[in-house]
Amino acid sequence: MGKLINGNKIAAEIKNEIKKEVDELVRLKGVKPGLAVILVGENPASKVYVSNKQKGCDEVGFASETIRMPDTATTAEVLEQIDLLNKRPDIHGLLVQLPLPQQIDKNMVLEAILPEKDVDGFHPINMGRLVAQEDCLVPATASGIIEMLKREKVVMKGANAVMVGHSEIVGKPTALLLLNEWATVTICHIETKDLKMHTRNADILIVAAGVPYLIKEDMVKDGAVVIDVGINRIVKEKANPELLEWRKEDFEAKGATLIGDVDFLKVEPKSSLITPVPGGVGVMTVAMLLYNTMKAARNQARK
Ligand code: GUN
(Lines give C-alpha, C1' and ligand atoms only; values in the text may rest on other atoms or scores of the structure.)
Protein backbone atom coordinates (compact mmCIF):
# COMPACT_ATOMS: atom_id res chain seq x y z
CA MET A 1 0.00 0.00 0.00
CA GLY A 2 1.47 3.36 -0.98
CA LYS A 3 1.96 6.01 1.64
CA LEU A 4 0.88 9.44 0.47
CA ILE A 5 3.49 12.17 0.35
CA ASN A 6 1.73 15.16 1.86
CA GLY A 7 2.85 18.11 -0.26
CA ASN A 8 0.70 20.49 1.74
CA LYS A 9 2.46 19.56 4.97
CA ILE A 10 5.98 19.80 3.50
CA ALA A 11 5.15 23.09 1.75
CA ALA A 12 3.80 24.49 5.04
CA GLU A 13 7.05 23.53 6.79
CA ILE A 14 9.11 25.28 4.11
CA LYS A 15 6.90 28.38 4.24
CA ASN A 16 7.34 28.53 8.02
CA GLU A 17 11.11 28.37 7.62
CA ILE A 18 10.93 31.19 5.05
CA LYS A 19 8.69 33.30 7.29
CA LYS A 20 11.34 33.23 10.03
CA GLU A 21 14.01 34.26 7.54
CA VAL A 22 11.86 37.16 6.30
CA ASP A 23 11.48 38.45 9.86
CA GLU A 24 15.23 38.27 10.31
CA LEU A 25 16.02 40.04 7.03
CA VAL A 26 13.56 42.81 7.87
CA ARG A 27 15.00 43.17 11.38
CA LEU A 28 18.69 43.07 10.47
CA LYS A 29 18.73 44.80 7.07
CA GLY A 30 15.36 46.52 6.74
CA VAL A 31 14.77 44.53 3.55
CA LYS A 32 11.42 42.93 2.73
CA PRO A 33 11.67 40.41 -0.13
CA GLY A 34 9.68 41.44 -3.22
CA LEU A 35 8.43 39.29 -6.10
CA ALA A 36 7.05 40.59 -9.41
CA VAL A 37 5.13 38.39 -11.83
CA ILE A 38 4.44 39.40 -15.42
CA LEU A 39 1.27 37.79 -16.76
CA VAL A 40 0.57 38.23 -20.46
CA GLY A 41 -2.89 37.38 -21.77
CA GLU A 42 -5.84 35.54 -20.30
CA ASN A 43 -4.78 31.87 -20.00
CA PRO A 44 -7.12 30.61 -17.23
CA ALA A 45 -4.60 28.11 -15.78
CA SER A 46 -1.89 30.80 -15.72
CA LYS A 47 -4.23 33.13 -13.84
CA VAL A 48 -4.75 30.47 -11.17
CA TYR A 49 -1.00 29.77 -10.89
CA VAL A 50 -0.18 33.48 -10.61
CA SER A 51 -2.85 34.03 -7.99
CA ASN A 52 -1.41 31.08 -5.97
CA LYS A 53 2.04 32.67 -6.18
CA GLN A 54 0.70 35.99 -4.85
CA LYS A 55 -1.10 34.19 -2.02
CA GLY A 56 2.12 32.41 -1.15
CA CYS A 57 3.91 35.78 -0.97
CA ASP A 58 1.23 37.13 1.40
CA GLU A 59 1.58 34.05 3.63
CA VAL A 60 5.32 34.46 4.18
CA GLY A 61 5.33 38.27 4.37
CA PHE A 62 6.80 39.16 0.97
CA ALA A 63 5.76 42.19 -1.06
CA SER A 64 4.39 41.12 -4.42
CA GLU A 65 2.94 42.59 -7.56
CA THR A 66 1.47 41.27 -10.77
CA ILE A 67 2.00 43.17 -14.00
CA ARG A 68 -0.82 42.25 -16.36
CA MET A 69 -0.35 42.76 -20.07
CA PRO A 70 -2.84 42.16 -22.91
CA ASP A 71 -2.46 39.09 -25.15
CA THR A 72 -1.59 41.46 -28.00
CA ALA A 73 1.57 42.65 -26.18
CA THR A 74 4.79 42.65 -28.21
CA THR A 75 8.21 41.28 -27.25
CA ALA A 76 9.47 44.87 -26.97
CA GLU A 77 6.71 45.78 -24.53
CA VAL A 78 7.45 42.79 -22.30
CA LEU A 79 11.20 43.57 -22.44
CA GLU A 80 10.43 47.13 -21.35
CA GLN A 81 8.58 45.88 -18.26
CA ILE A 82 11.42 43.49 -17.44
CA ASP A 83 13.93 46.32 -17.70
CA LEU A 84 11.95 48.45 -15.25
CA LEU A 85 11.68 45.55 -12.77
CA ASN A 86 15.37 44.59 -13.20
CA LYS A 87 16.25 48.13 -12.07
CA ARG A 88 13.97 48.26 -9.04
CA PRO A 89 15.81 47.60 -5.77
CA ASP A 90 12.58 46.56 -3.97
CA ILE A 91 11.99 43.73 -6.47
CA HIS A 92 14.33 40.82 -5.72
CA GLY A 93 12.60 38.16 -7.80
CA LEU A 94 11.00 38.46 -11.21
CA LEU A 95 9.26 35.91 -13.40
CA VAL A 96 7.24 35.86 -16.58
CA GLN A 97 4.42 33.33 -16.43
CA LEU A 98 4.50 30.79 -19.27
CA PRO A 99 3.14 30.01 -21.80
CA LEU A 100 3.46 33.32 -23.64
CA PRO A 101 1.35 34.30 -26.66
CA GLN A 102 3.04 33.03 -29.80
CA GLN A 103 4.07 36.47 -31.15
CA ILE A 104 6.38 36.92 -28.17
CA ASP A 105 9.98 35.69 -28.36
CA LYS A 106 10.15 33.55 -25.23
CA ASN A 107 13.92 33.11 -25.24
CA MET A 108 14.53 36.85 -25.59
CA VAL A 109 12.17 37.47 -22.68
CA LEU A 110 13.71 34.83 -20.39
CA GLU A 111 17.23 36.00 -21.19
CA ALA A 112 16.38 39.63 -20.39
CA ILE A 113 15.72 38.84 -16.72
CA LEU A 114 18.73 39.57 -14.50
CA PRO A 115 20.11 36.14 -13.50
CA GLU A 116 20.17 37.15 -9.81
CA LYS A 117 16.45 38.00 -9.99
CA ASP A 118 15.54 34.95 -12.12
CA VAL A 119 13.56 33.08 -9.45
CA ASP A 120 12.19 30.62 -12.05
CA GLY A 121 15.77 29.59 -12.84
CA PHE A 122 15.03 29.54 -16.58
CA HIS A 123 17.82 31.94 -17.65
CA PRO A 124 20.60 30.07 -19.51
CA ILE A 125 23.08 31.37 -16.91
CA ASN A 126 21.18 29.64 -14.11
CA MET A 127 20.63 26.53 -16.27
CA GLY A 128 24.36 26.45 -17.03
CA ARG A 129 25.25 26.84 -13.36
CA LEU A 130 22.92 23.94 -12.56
CA VAL A 131 24.75 21.74 -15.07
CA ALA A 132 28.09 22.87 -13.59
CA GLN A 133 26.80 22.26 -10.04
CA GLU A 134 27.44 25.88 -9.09
CA ASP A 135 25.26 27.81 -6.68
CA CYS A 136 22.24 29.11 -8.62
CA LEU A 137 18.48 29.64 -8.68
CA VAL A 138 16.97 26.24 -9.52
CA PRO A 139 13.58 25.80 -11.28
CA ALA A 140 11.01 25.49 -8.51
CA THR A 141 9.14 22.34 -9.52
CA ALA A 142 12.39 20.43 -9.91
CA SER A 143 13.79 21.56 -6.56
CA GLY A 144 10.36 20.92 -4.98
CA ILE A 145 10.50 17.30 -6.12
CA ILE A 146 14.00 16.78 -4.74
CA GLU A 147 13.06 18.52 -1.47
CA MET A 148 10.06 16.17 -1.07
CA LEU A 149 12.24 13.12 -1.70
CA LYS A 150 14.83 14.36 0.83
CA ARG A 151 12.27 15.14 3.52
CA GLU A 152 10.68 11.69 2.98
CA LYS A 153 14.20 10.20 3.34
CA VAL A 154 14.10 8.56 -0.09
CA VAL A 155 17.58 7.31 -1.01
CA MET A 156 18.51 8.82 -4.37
CA LYS A 157 22.15 7.71 -4.46
CA GLY A 158 22.39 4.68 -6.74
CA ALA A 159 18.62 4.53 -7.33
CA ASN A 160 17.21 4.04 -10.80
CA ALA A 161 15.34 7.28 -11.40
CA VAL A 162 13.16 7.58 -14.48
CA MET A 163 11.99 11.01 -15.59
CA VAL A 164 9.05 10.91 -18.01
CA GLY A 165 8.99 14.28 -19.77
CA HIS A 166 11.89 16.37 -21.04
CA SER A 167 10.67 19.96 -20.70
CA GLU A 168 13.01 22.84 -19.85
CA ILE A 169 10.74 23.71 -16.91
CA VAL A 170 10.50 20.29 -15.22
CA GLY A 171 12.02 17.25 -16.95
CA LYS A 172 15.52 18.50 -17.75
CA PRO A 173 16.24 20.30 -14.45
CA THR A 174 14.76 17.45 -12.37
CA ALA A 175 16.91 14.92 -14.22
CA LEU A 176 20.00 17.05 -13.53
CA LEU A 177 19.21 17.40 -9.83
CA LEU A 178 18.70 13.63 -9.54
CA LEU A 179 22.01 13.11 -11.31
CA ASN A 180 23.65 15.56 -8.89
CA GLU A 181 22.28 13.32 -6.09
CA TRP A 182 23.97 10.33 -7.76
CA ALA A 183 20.85 8.61 -9.07
CA THR A 184 21.11 6.66 -12.33
CA VAL A 185 18.83 8.77 -14.47
CA THR A 186 16.83 7.86 -17.56
CA ILE A 187 14.88 10.56 -19.39
CA CYS A 188 11.89 9.39 -21.44
CA HIS A 189 9.82 11.51 -23.82
CA ILE A 190 7.24 11.35 -26.55
CA GLU A 191 9.64 9.59 -28.96
CA THR A 192 10.69 6.91 -26.43
CA LYS A 193 10.10 3.54 -28.10
CA ASP A 194 9.09 1.38 -25.14
CA LEU A 195 8.10 3.58 -22.22
CA LYS A 196 7.01 0.64 -20.06
CA MET A 197 10.40 -1.06 -20.33
CA HIS A 198 11.97 2.02 -18.73
CA THR A 199 9.31 2.88 -16.15
CA ARG A 200 9.15 -0.71 -14.83
CA ASN A 201 12.79 -0.39 -13.89
CA ALA A 202 12.30 2.79 -11.84
CA ASP A 203 12.91 2.90 -8.09
CA ILE A 204 11.90 6.54 -8.37
CA LEU A 205 9.43 7.38 -11.14
CA ILE A 206 8.73 11.04 -11.90
CA VAL A 207 6.08 11.88 -14.46
CA ALA A 208 5.64 15.28 -16.09
CA ALA A 209 4.08 14.58 -19.46
CA GLY A 210 0.70 16.31 -19.25
CA VAL A 211 -1.14 13.12 -20.27
CA PRO A 212 -3.84 11.82 -17.91
CA TYR A 213 -3.69 8.05 -17.17
CA LEU A 214 -0.31 7.76 -18.94
CA ILE A 215 1.17 5.59 -16.18
CA LYS A 216 -0.77 2.37 -15.51
CA GLU A 217 -0.12 -0.24 -12.84
CA ASP A 218 1.74 -2.61 -15.18
CA MET A 219 4.29 0.15 -15.86
CA VAL A 220 5.36 0.50 -12.23
CA LYS A 221 7.75 -1.63 -10.20
CA ASP A 222 6.53 -2.97 -6.83
CA GLY A 223 7.54 -0.57 -4.06
CA ALA A 224 8.45 2.31 -6.39
CA VAL A 225 8.36 5.94 -5.26
CA VAL A 226 6.01 7.74 -7.67
CA ILE A 227 6.02 11.51 -8.15
CA ASP A 228 3.19 12.83 -10.30
CA VAL A 229 3.77 16.33 -11.71
CA GLY A 230 0.77 16.30 -14.07
CA ILE A 231 -2.15 18.68 -13.55
CA ASN A 232 -4.98 17.72 -15.91
CA ARG A 233 -8.46 19.18 -15.65
CA ILE A 234 -11.10 16.55 -16.40
CA VAL A 235 -14.68 17.72 -17.00
CA LYS A 236 -17.57 15.56 -15.84
CA GLU A 237 -18.50 14.56 -19.41
CA LYS A 238 -15.02 13.11 -20.03
CA ALA A 239 -14.66 11.30 -16.69
CA ASN A 240 -14.79 7.50 -16.39
CA PRO A 241 -17.13 5.89 -13.80
CA GLU A 242 -14.29 5.32 -11.33
CA LEU A 243 -13.25 8.97 -11.40
CA LEU A 244 -16.88 10.13 -11.19
CA GLU A 245 -17.25 8.17 -7.97
CA TRP A 246 -13.83 9.06 -6.49
CA ARG A 247 -14.19 12.80 -7.15
CA LYS A 248 -17.96 13.00 -6.76
CA GLU A 249 -17.76 16.15 -4.61
CA ASP A 250 -15.60 18.03 -7.15
CA PHE A 251 -17.91 17.12 -10.02
CA GLU A 252 -20.98 18.18 -8.07
CA ALA A 253 -19.43 21.46 -6.94
CA LYS A 254 -17.37 22.44 -10.00
CA GLY A 255 -18.28 20.07 -12.83
CA ALA A 256 -14.60 19.12 -13.13
CA THR A 257 -11.64 17.74 -11.18
CA LEU A 258 -7.83 17.75 -11.34
CA ILE A 259 -5.85 14.55 -11.88
CA GLY A 260 -2.22 13.81 -12.59
CA ASP A 261 -0.48 11.74 -15.28
CA VAL A 262 -0.55 8.60 -13.13
CA ASP A 263 -3.59 6.31 -12.90
CA PHE A 264 -3.56 6.90 -9.15
CA LEU A 265 -6.21 4.42 -7.97
CA LYS A 266 -4.42 1.55 -9.76
CA VAL A 267 -0.81 2.57 -9.16
CA GLU A 268 -1.07 3.61 -5.51
CA PRO A 269 -1.31 0.03 -4.14
CA LYS A 270 1.94 -0.92 -5.93
CA SER A 271 3.95 2.08 -4.78
CA SER A 272 5.77 2.60 -1.49
CA LEU A 273 5.31 6.38 -1.64
CA ILE A 274 3.19 8.42 -4.02
CA THR A 275 2.17 12.07 -4.45
CA PRO A 276 -1.51 12.95 -4.81
CA VAL A 277 -2.92 15.46 -7.32
CA PRO A 278 -3.83 17.98 -6.06
CA GLY A 279 -1.84 18.37 -2.83
CA GLY A 280 1.44 16.92 -4.06
CA VAL A 281 4.03 18.56 -6.30
CA GLY A 282 1.92 21.61 -7.26
CA VAL A 283 1.99 23.16 -3.81
CA MET A 284 5.73 22.48 -3.56
CA THR A 285 6.35 24.58 -6.68
CA VAL A 286 4.99 27.69 -4.98
CA ALA A 287 6.93 26.96 -1.77
CA MET A 288 10.20 26.63 -3.71
CA LEU A 289 9.49 29.79 -5.72
CA LEU A 290 9.23 31.59 -2.38
CA TYR A 291 12.46 29.87 -1.30
CA ASN A 292 14.18 31.20 -4.44
CA THR A 293 12.83 34.70 -3.85
CA MET A 294 14.10 34.60 -0.26
CA LYS A 295 17.51 33.47 -1.49
CA ALA A 296 17.60 36.21 -4.16
CA ALA A 297 16.64 38.87 -1.58
CA ARG A 298 19.29 37.65 0.86
CA ASN A 299 21.97 37.74 -1.86
CA GLN A 300 20.93 41.20 -3.04
CA ALA A 301 20.80 42.56 0.53
CA ARG A 302 24.42 41.48 0.97
CA LYS A 303 25.62 43.78 -1.82
N1 GUN B 1 4.10 27.73 -16.43
C2 GUN B 1 4.03 26.48 -15.94
N3 GUN B 1 4.94 26.31 -14.97
C4 GUN B 1 5.59 27.46 -14.83
C5 GUN B 1 6.64 27.91 -13.98
O6 GUN B 1 7.18 27.20 -13.13
N7 GUN B 1 7.03 29.19 -14.15
C8 GUN B 1 6.48 30.01 -15.08
N9 GUN B 1 6.95 31.24 -15.19
N10 GUN B 1 5.52 29.63 -15.88
C11 GUN B 1 5.07 28.36 -15.75
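Return the total of residues in segment 118-138 being within 13 Å of the ligand (Cβ to nearest atom) and of a type in the set (D, E, K, R).
Final tally of qualifying residues: 2.
Output the qualifying pairs, or none if there are none: Cβ atoms under 6 angstrom, residues six or more apart or on different chains, first residue in segment 265-276 and farther than 9 Å from A224 by Cβ, second residue open to solvent by less than 30 Å² (accessible area, probe 1.4 Å).
E268/G2; E268/I274; T275/I5; T275/I227; T275/D228; T275/V281
Restricting to segment 85-103, give me the number of residues that are away from the ligand (no atom under 13 Å from the Cβ), of a type in the set (A, V, I, L, M, F, W, C) and assigned to a loop (DSSP other than H, G, I, E, B). Before you say what the answer is, go through the steps one by one.
So in segment 85-103, the residues away from the ligand (no atom under 13 Å from the Cβ) come out as 85-92, 101-103.
Next cut, of a type in the set (A, V, I, L, M, F, W, C) only: 85, 91.
Narrowing further to those that are assigned to a loop (DSSP other than H, G, I, E, B): 91.
Count: 1.
I'd like the full set of residues that are free of Cβ contacts under 8 Å to residues at least 40 places away in the same chain, over 16 Å from the mean Cα position of the chain (by Cα) and not in a helix (DSSP H, G or I), limited to segment 124-153.
A132, E134, D135, C136, K153
So G121 clears everything in (1) open to solvent by less than 20 Å² (accessible area, probe 1.4 Å); (2) on the phi < 0 side of the Ramachandran plot except one condition, right? Which one?
(2)
What number goes with the only condition from (1) more than 16 Å from the ligand (Cβ to nearest atom); (2) closer than 19 Å to A301 by Cβ; (3) open to solvent by 30 Å² or more (accessible area, probe 1.4 Å) that S64 does not pass?
(1)
Confirm whether D105 is closer than 20 Å to N43 by Cα, acidic (D, E) and crowded, with 17+ Cβ neighbours inside 10 Å. Spell out how you get there, then give the answer.
Values: closer than 20 Å to N43 by Cα: yes; acidic (D, E): yes; crowded, with 17+ Cβ neighbours inside 10 Å: no.
Judged against the criteria, D105 is not a match.
Quick one: count up the residues across segment 67-84 that are among the small types (G, A, S) and within 16 Å of the ligand (Cβ to nearest atom). Full working, then the answer.
Of the residues in segment 67-84, the ones among the small types (G, A, S) are 73, 76.
If we keep only those that are within 16 Å of the ligand (Cβ to nearest atom) as well, we get 73.
Going through segment 67-84 one residue at a time, the tally reaches 1.
Within segment 21-36, identify whether any single residue is within 16 Å of the ligand (Cβ to nearest atom), farther than 30 Å from L149 by Cβ and open to solvent by less than 60 Å² (accessible area, probe 1.4 Å), and answer yes or no.
First, the residues of segment 21-36 that are within 16 Å of the ligand (Cβ to nearest atom): 35-36.
Imposing the further condition that a residue be farther than 30 Å from L149 by Cβ reduces the set to 36.
Next cut, open to solvent by less than 60 Å² (accessible area, probe 1.4 Å) only: 36.
Checking segment 21-36: at least one residue is within 16 Å of the ligand (Cβ to nearest atom), farther than 30 Å from L149 by Cβ and open to solvent by less than 60 Å² (accessible area, probe 1.4 Å).
Name the single residue, out of those in segment 177-207 being touching a strand residue (DSSP E or B) at 6+ places or on another chain (Cβ under 9 Å) and either of a type in the set (S, T, Y) or within 16 Å of the ligand (Cβ to nearest atom) (or both), that is farthest from K153 (Cα to Cα).
Only one residue tops the list, namely T192.
The values are calculated or read from the model by the stated rules, or taken from the named source; none is laboratory data. All values derive from a computational prediction rather than experimental measurement. We place every Cβ from the backbone using ideal geometry, glycine too, and count neighbours over all the protein chains shown. The protein model used for the area step is the full one, side chains on, heavy atoms only, and it has no ligands, DNA or RNA in it. Shrake-Rupley method; radii C 1.70, N 1.55, O 1.52, S 1.80 Å.
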